[in-house]
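The values are calculated or read from the model by the stated rules, or taken from the named source; none is laboratory data. As the structure is a prediction and not an experimental result, all values here were calculated from the model. Glycine gets a Cβ as well: all are built from the backbone with ideal geometry, and neighbour counts include every protein chain shown.
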Amino acid sequence: MIRRRARFSAFRFSLFLALVLVTVPEAAVPEEPAPASVRPFVAGERLTYRVSWLGIHVATTVMEVGDAPPLSGRQALRLLTTAVSSPVLTTFYPVDNRVESIVDAETLLPHRLLFRRREGKRKNDYDIAFEPAAGQVAGTKDGQPYTLPIPSNTHDSISCLYAVRTGSSLQPGVSQAMTVHHDKKNYRLEVRGEAIEKIRGPWGEGEAVRALVIMPFQGIFLNEGNIRVWFINDARRVPVRMRAKVIIGSIVAELVEGGSAPKAP
């Protein structure tokens, strides 16, 4: 049982941060993206999370924003997420995952996603090109090509996190949904703003917006269920805490580094 719960924490957390934090208005009409000058994150941002189960440190996840070469004359960003198992988990189930997304700097919609999964004996490599004009993704999984149709304004498992931070509808009483393409499937998730709370953690103390994420499908997590996420209630909207209940206890992620904005160049 311990092994199963710890395994869940580590090898899913590279997606835990992103897949549960997705949001557009309830009518499924996406918000206009905020101009880069007022966006809550900039190149150079680096957020580090400690993932635990029953108080045991099982993984560390780092999310970074960097500049990328322009695409078709448009500014681009590089979003990188890594997840590495802690020493206690590595002894019997090593995890070393890397997810890299190249997105349009204005719309935050993805151009390309590279995902290297290393979880115990399981190894997968994804290379996915998003082709919104053709209404499809063209990718490979472990060298095998595939194409699948996608709705307009589809995000990947990393870009969606930054889209929610940029939107203006993260507030109590608002119900939202979004399409995310992950592992050869399109998922529809719902996020409900619940309340504004004062919370404390390794990052400090402050006011946060608590959101409930409804998971209506199986496959990304061990079973269906709800996840709660706390966004600090300031201009940066950094996700500072996440909690998902499992059969025994809860999986908790806490921000431990990156609470301050990066210095201007």
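Quick look at the numbers
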{"quantity": "Residue in segment 158-186 that is surrounded by the most Cβ atoms within 10 Å (Cβ to Cβ), counting only those that are within 20 Å of residue 103 (Cβ to Cβ), at pLDDT below 85 and hydroxyl-bearing (Ser, Thr, Tyr)", "calculated": "166"}
{"quantity": "Strands (runs of 3 or more DSSP E) enclosed by segment 65-167 - at least 1 residues per element that are under 20 Å from the mean Cα position of the chain (by Cα)", "calculated": "74-85, 96-104, 110-119, 122-131, 136-141"}
{"quantity": "Residue in segment 114-128 that is among the hydroxyl-bearing types (Ser, Thr, Tyr), touching a residue at least 12 places away in the same chain (Cβ under 8 Å) and in contact with a helix residue (DSSP H, G or I) (Cβ under 8 Å, 6 or more places away or on another chain) present", "calculated": "no"}
{"quantity": "Which listed residue is surrounded by fewer than 18 Cβ atoms within 10 Å (Cβ to Cβ), farther than 25 Å from residue 193 by Cα, modelled with pLDDT under 90 and in contact with a helix residue (DSSP H, G or I) (Cβ under 9 Å, 6 or more places away or on another chain), from 56, 2", "calculated": "56"}
{"quantity": "Test: residue in segment 132-141 that is surrounded by fewer than 19 Cβ atoms within 10 Å (Cβ to Cβ), modelled with pLDDT of 90 or more and basic (Lys, Arg)", "calculated": "yes"}
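Residue by residue, here is whether (1) under 27 Å from residue 109 (Cα atoms); (2) of a type in the set (Asp, Glu); (3) at pLDDT below 85; (4) part of a strand (DSSP E or B) holds:
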residue	(1), (2), (3), (4)
188	yes, no, yes, yes
222	no, no, yes, no
260	yes, no, yes, no
265	yes, no, yes, no
